[in-house]
1. Could you go through region 194-202 in sequence order and give the Karplus-derived ³J(HN,Hα) for each residue, using 6.51 cos²θ - 1.76 cosθ + 1.60 with θ = phi - 60°, rounded to whole Hz, and x for Gly and Pro?
2. Once label points are set 7 Å from the Cα along Cα→Cβ at both V196 and E64, what is their separation, rounded to one decimal in nm?
3. Using alpha-carbon pairs under 8 Å, 6+ residues apart, how would you state the relative contact order of region 42-115 in percent?
4. May I ask you to compute the full-extension gain from K71 to L172, defined as 0.36 nm times their residue separation minus their alpha-carbon distance, rounded to one decimal in nm?
5. Stretch L130-Y162 to full length: gain in nm at 0.36 nm per residue minus the Cα-Cα span?
6. What net charge is computed for the residues neighbouring E64, neighbours being all others with C-beta under 14 Å from the C-beta of E64, Lys and Arg scored +1, Asp and Glu -1?
7. If you take all C-alpha pairs in region 50-202, what percent of them are over 28 Å apart?
8. Residues with beta-carbon under 14 Å from that of T144, excluding T144: net charge, scoring Lys, Arg +1 and Asp, Glu -1?
Amino acid sequence: MKKALFAAAACAAVAAAAPAFAGEAFVGVYKHDVTFIGDAVGLGAAGRESGVDVHLGYRTNRIESLRWLGKPQVHAMVSINSKNTSNFVAAGFDWRIELGKPGGFYFRPGMGLAYTDGETGLPPVNAPGLSPEEIQRRLKLYNTRIDFGSKVLFEPELALGYDFNDRWAAELSYTHLSNGQIFHHGKNQGLDDAGVRLVYKF
């Protein structure tokens, strides 16, 4: 819990320290641990957990000084799961790409880092000397929890948005979490969230 609070504070600090503070806030509702997107793009979600995730976040305006990086926005967010399984905080960059004239549809890819309070290093079911009760306990964990392998994860995301006016927009959004075999070698069960978020521009 202390690590999660520290990560949340770090996310807020990253966002607050970025130039052009006005930015935008967003709130979204997501299906937790969907499998159809990860299977299609080869990222491989676990499909073990359930519930709904609520994403609360903030994005800065475009950072003009990061021209060499394509003038990204900085995002920071927290995800809370209705079943209290794998919650996470995340921060990173994303880029708004207009699809036609500004003020209509746009595409938004992003990449960040996340910290989860989900499971890492689930105990093996086939270890010698386990009682039947312990085997059942471990089997339940294996079938109902994602084993991320690492608390620190990559957080790529994609969104398709539409501006209703100068203040409000909506986005179809996809967020993925996994260690990419970089933060951990071995278990790499990922999490895919798919949903809709509402954006308010300050």
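Readers should treat all values here as calculations from the given coordinates under stated rules, not as data from a laboratory. Please read all numbers here as calculations on a predicted model, not as lab measurements. Cβ atoms come from the backbone with ideal geometry, glycine included; neighbour counts cover every protein chain shown.
1. Per-residue couplings from phi come out as 10, x, 10, 10, 9, 10, 10, 9, 6 Hz.
2. 3.6
3. Details: 125 pairs, mean separation 17.3, N = 74.
Result for region 42-115 is 23 percent.
4. Details: separation 101, 0.36 × 101 = 36.36 nm, distance 2.23 nm.
Going from the current span to full extension adds 34.1 nm.
5. Numbers: separation 32, 0.36 × 32 = 11.52 nm, distance 5.46 nm.
Result for the pair: 6.1 nm of gain on full extension.
6. Working: positive: R62, R67, K71, R96; negative: none.
Result for the neighbourhood of E64: +4.
7. Values: 3660 of 11628 pairs.
Result: 31 percent of Cα pairs exceed 28 Å.
8. Numbers: positive: R48, K83, R137, R138, K140, R145; negative: D33, E49, E119, D147.
Combined, the nearby Lys, Arg, Asp and Glu give +2.
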